[in-house]
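Q: Quick one: the structure is below, questions incoming.
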Amino acid sequence: MAGELLLDTGASVALVDRSERRHADCVAVLEGWSGPIVTTAAVLTETLYLVGPSWQAQRICLEFFYRSAFLLLSSSPDLRRIGELMQKYQDVPMDFADATLVALGERLDTALIFTLDRRGFSVYRLYGTRPFHILP
């Protein structure tokens, strides 16, 4: 299945937190997207941590998944590849959540990433060669 949009932590946090500087940009991407939006448990975990201990903020985040606006996909099939990516990009550095998204992008064959992390995702490559298309 091609055409999925990979969701990263920063964009997820900005969608939930109206005080985030890029909130409006992220809402515009979400409103303009009609295909599947996918992410990993590592990204969800980072997002819940960053929105803080407030149940209200965490509930809003989780509701995207409850309503199937975002799909949570397993990283288990990609664990070996995730380790390879983290080693390859250790100078960036690449954290575990980013590695799960790059590996997921390779598995789904999609280079579309919904992220505020231009520094990392402008360097990372699918299959070592294919650049990401970054939204917003």
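Q: How many residues does region 1-19 hold that are within 25 Å of D109 (Cβ to Cβ), surrounded by fewer than 23 Cβ atoms within 10 Å (Cβ to Cβ) and small (G, A, S)?
A: Number satisfying all stated conditions: 3.
Q: Further, regarding this structure: Given the options A57, A69, name the one that is closer than 21 Å to A14 by Cα and without any contact (Cβ under 8 Å) to a residue 40 or more places away in the chain.
A: Working: A57 fails: without any contact (Cβ under 8 Å) to a residue 40 or more places away in the chain.
Going through A57, A69 in turn, just one is closer than 21 Å to A14 by Cα and without any contact (Cβ under 8 Å) to a residue 40 or more places away in the chain: A69.
Q: May I pose another question? Which of the residues that make up region 20-72 are hydroxyl-bearing (S, T, Y), in a helix (DSSP H, G or I) and buried (at least 16 other Cβ atoms within 10 Å of the Cβ)?
A: Kept after step one, since they are hydroxyl-bearing (S, T, Y), are these residues of region 20-72: 34, 39-40, 45, 47, 49, 54, 66, 68.
Among the residues that remain, those that are also in a helix (DSSP H, G or I) are: 45, 47, 49, 66.
Scanning region 20-72 gives a single hit, T47.
Q: Please state which of the following conditions T39 fails to meet, knowing it meets all the rest: (1) more than 16 Å from D117 (Cβ to Cβ); (2) in contact with an Asp or Glu (Cβ under 9 Å, 6 or more places away or on another chain); (3) polar (S, T, N, Q).
A: (1)
Yes/no per residue for (1) assigned to a strand (DSSP E or B); (2) modelled with pLDDT under 95; (3) of a type in the set (D, E, K, R); (4) surrounded by 21 or more Cβ atoms within 10 Å (Cβ to Cβ):
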residue: P77; (1), (2), (3), (4): no, no, no, no
residue: R80; (1), (2), (3), (4): no, no, yes, no
residue: Q90; (1), (2), (3), (4): no, no, no, no
residue: P93; (1), (2), (3), (4): no, yes, no, no
residue: L101; (1), (2), (3), (4): no, no, no, yes
residue: E106; (1), (2), (3), (4): no, no, yes, no
residue: R119; (1), (2), (3), (4): no, no, yes, no
residue: V123; (1), (2), (3), (4): no, no, no, no
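Q: Sticking with this structure for a sec: If a residue has to be acidic (D, E) and either touching a strand residue (DSSP E or B) at 6+ places or on another chain (Cβ under 6 Å) or surrounded by 15 or more Cβ atoms within 10 Å (Cβ to Cβ) (or both) to count, how many in region 108-117 make the cut? Working first, answer last.
A: So in region 108-117, the residues acidic (D, E) come out as 109, 117.
Now drop any that are not either touching a strand residue (DSSP E or B) at 6+ places or on another chain (Cβ under 6 Å) or surrounded by 15 or more Cβ atoms within 10 Å (Cβ to Cβ) (or both), which leaves 117.
Matching residues across region 108-117 total 1.
The values are calculated or read from the model by the stated rules, or taken from the named source; none is laboratory data. Please read these numbers as outputs of a predicted model, since none were measured by experiment. Don't worry about glycine lacking a Cβ; one is built from the backbone with ideal geometry, like all the others, and counts go over all protein chains shown.
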